[in-house]
């Protein structure tokens, strides 16, 4: 796991000295991603500069430091991530006559590209990655990102110069001028609680899409899709329980590929518990697992369930307790205000766990991300299925148009009940009814939250993104009418890809800790999307298929418990010790003073929540995160 940065100018004058200086600043800005080694190289004759910081996990020798070049100097690479099947690919290359100078997965990437080209090597990779590869002979720079989007990669184009980095903080060191807020990015953020790739909140900064690669040369930049989680003629065969069980075991074994010890975060739910069980079965005896709890609100603790798992498997279980005072300290720490805001408050407990695991000497942690999205784990997904059934027919759409026309003026006067109104609006307009469980302010609330600077601007970017997902699903899914898999598809590319994976990477890497998600193994993801939706919900049971698999490995009390996950009592603490901190932030934030968001509307939400009148906690967290980000990075 590492951090990468670079600049490329295919034609025209190239300021080599300036590029080297800016690259040095960029790699310093992302140094937490790789404290074990740092390097910058510039090639004026190619208009190229590459920077890298390394967290040594596979093949710890300095010979694996980057930037790394091919033996003939034709190809140069900076790479962030891990290729779990690199040994198999190396063996295949060796049978074709290739020789290797290192035992690293980085060199496998380089030689694989030389043998098969960019699409050929990408099709073979199992792992998580973001990399930049330059081909001297073709005079092309490739930027590629893993299938699920576990590893981030940002880029920008300014006056013919391409800049890229693992984090916005690094990219801002490479770009000229002062960063500005993107109006369309803000619109998406307020609706979806994230900016969908390739969009970001910073004007001119973009993200490489998951499962895609980009090609830069003297010609126009190109973005190409190299992976989809399903294909049109895909058909499922066999017992889904047996196949999921086997695929999960393989995924856990792959994620143990490491030359340093691996730990796990254990919530006591079935996802992380299955990961621990799979890792132990794959040979990880004595694995350390961490669970978080709260001194102030013991009802949020999951120690009891995690202890059940610890008793059943040979692991070293460690408990981490935090208080509201600890949380307040973290929330007010400017150094922890990340350069791309996180709207999932679970980043706070994740930060405490990551800091503890790194302090204990670990560099790699396993987590349960992806299980809920692939195997129908959220209540919102079941409700979404019912909403699609209710509001997708022609009669329902007609009724929805009537309701919107009749009740629109009333909803224009209030800021409550708009989620229901939003479903009617989408149905009446013929839009997909389900937009995912990551939801901010519906379209009908735009006039309420928009400040004068945002008023009058377009508001279709989120709509366009969901429409794009719908078109892709209809075109490539083996069963376009499988509504349950449509909901999983939406969750995969919205909440999971843009919120949860973003949160996991940025928070763990802040503590120089690599996170791995076995549920996002390529084979397991493709298998999950090949299983008909109803088979994931036997007897209508939420997450029923995965629970049937879990019963083979875990105590029934863990399998049947109510879903909780890595929790965080922000709702309660906002009505107590955290309330004044959020109120103070709102009173000072430049986001309101610069006219992007209406301060009075946000203040009303906070007052209503603190009085106990209504629960606005998720939206208030989103606004608080946005304010903190804007004030540090743009304001």
- Query: Quick check: is even one residue across the stretch 126-145 assigned to a helix (DSSP H, G or I) and in contact with a helix residue (DSSP H, G or I) (Cβ under 6 Å, 6 or more places away or on another chain)?
  - Reply: no
*In this structure, is residue 224 closer than 26 Å to residue 124 by Cα and modelled with pLDDT of 95 or more?*
yes
Here, helices (runs of 4 or more DSSP H) confined to the stretch 546-607 with at least 2 residues that are assigned by TED's automatic domain parsing to the domain that holds residue 202, in contact with a helix residue (DSSP H, G or I) (Cβ under 7 Å, 6 or more places away or on another chain) and at pLDDT 95 or above are none
Filtering the stretch 444-482 for residues that are closer than 27 Å to residue 373 by Cβ and either assigned to a loop (DSSP other than H, G, I, E, B) or in the same structural domain as residue 150 (by TED's automatic domain parsing) (or both) leaves a count of 8
Checked 144, 138 against criteria (touching a strand residue (DSSP E or B) at 6+ places or on another chain (Cβ under 6 Å) and in the same structural domain as residue 166 (by TED's automatic domain parsing)); the one match is 144
| task | Would you mind stating whether residue 278 is touching a residue at least 60 places away in the same chain (Cβ under 8 Å) and either surrounded by fewer than 19 Cβ atoms within 10 Å (Cβ to Cβ) or more than 21 Å from residue 569 (Cα to Cα) (or both)? | result | yes
Matching residues in the stretch 487-544 (farther than 30 Å from residue 348 by Cβ and outside any helix (DSSP H, G or I)) number 4
Checklist line | Boolean, residue 49 is closer than 19 Å to residue 133 by Cβ, in a strand (DSSP E or B) and not assigned by TED's automatic domain parsing to the domain that holds residue 506 | finding: yes
Picked from the stretch 103-125 (must be in contact with a helix residue (DSSP H, G or I) (Cβ under 7 Å, 6 or more places away or on another chain) and over 18 Å from residue 151 (Cβ atoms)), the residue surrounded by the fewest Cβ atoms within 10 Å (Cβ to Cβ) is 115
Note to self: Based on this model, can you work out whether residue 412 counts as at pLDDT below 95, more than 30 Å from residue 533 (Cβ to Cβ) and not assigned by TED's automatic domain parsing to the domain that holds residue 618?
What the structure shows: yes
In the stretch 608-635, residues that are modelled with pLDDT of 95 or more and assigned to a loop (DSSP other than H, G, I, E, B) total 0
In the set 126, 78, the lone residue that is within 17 Å of residue 164 (Cβ to Cβ), modelled with pLDDT of 95 or more, touching a strand residue (DSSP E or B) at 6+ places or on another chain (Cβ under 8 Å) and not assigned by TED's automatic domain parsing to the domain that holds residue 509 is 78
Q. Of the residues that make up the stretch 347-356, is at least one more than 28 Å from residue 528 (Cβ to Cβ) and modelled with pLDDT under 95?
A. yes
Out of (1) without any contact (Cβ under 8 Å) to a residue 12 or more places away in the chain; (2) farther than 19 Å from residue 212 by Cα, the one residue 120 does not meet is (2)
Screening 19, 39 for residues that are crowded, with 22+ Cβ neighbours inside 10 Å and assigned by TED's automatic domain parsing to the domain that holds residue 128 leaves only 19
Quiz prompt | Test: residue 419 is within 30 Å of residue 302 (Cα to Cα) and surrounded by fewer than 15 Cβ atoms within 10 Å (Cβ to Cβ) | solution = no
The condition from (1) at pLDDT 95 or above; (2) surrounded by fewer than 24 Cβ atoms within 10 Å (Cβ to Cβ) that residue 178 misses is numbered (1)
Quick one: would you say residue 230 is part of a loop (DSSP other than H, G, I, E, B) and either on the phi < 0 side of the Ramachandran plot or surrounded by fewer than 16 Cβ atoms within 10 Å (Cβ to Cβ) (or both)?
yes
Within the stretch 279-301, residues closer than 24 Å to residue 349 by Cα and out of contact with any strand residue (DSSP E or B) (no Cβ under 7 Å at 6 or more places or on another chain) come out as 296, 297, 298, 299
Take residue 326 and tell me if it is closer than 30 Å to residue 471 by Cα, in contact (Cβ under 8 Å) with a residue 12 or more places away in the chain and either under 21 Å from the mean Cα position of the chain (by Cα) or not assigned by TED's automatic domain parsing to the domain that holds residue 189 (or both). no
Within the stretch 298-312, can one find any residue that is within 26 Å of residue 363 (Cβ to Cβ), touching a helix residue (DSSP H, G or I) at 6+ places or on another chain (Cβ under 7 Å) and in the same structural domain as residue 509 (by TED's automatic domain parsing)? yes
Expected single match for closer than 24 Å to residue 393 by Cα, surrounded by fewer than 17 Cβ atoms within 10 Å (Cβ to Cβ) and either touching a residue at least 24 places away in the same chain (Cβ under 8 Å) or out of contact with any helix residue (DSSP H, G or I) (no Cβ under 8 Å at 6 or more places or on another chain) (or both) among 478, 432, 452 is 478
Can you say whether residue 85 is touching a helix residue (DSSP H, G or I) at 6+ places or on another chain (Cβ under 8 Å), in contact (Cβ under 8 Å) with a residue 24 or more places away in the chain, surrounded by 24 or more Cβ atoms within 10 Å (Cβ to Cβ) and under 30 Å from residue 373 (Cα atoms), as far as the supplied structure shows? no
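The values are calculated or read from the model by the stated rules, or taken from the named source; none is laboratory data. If you're wondering where the values come from, they're calculated on a predicted model, not measured in any experiment. Cβ atoms come from the backbone with ideal geometry, glycine included; neighbour counts cover every protein chain shown.
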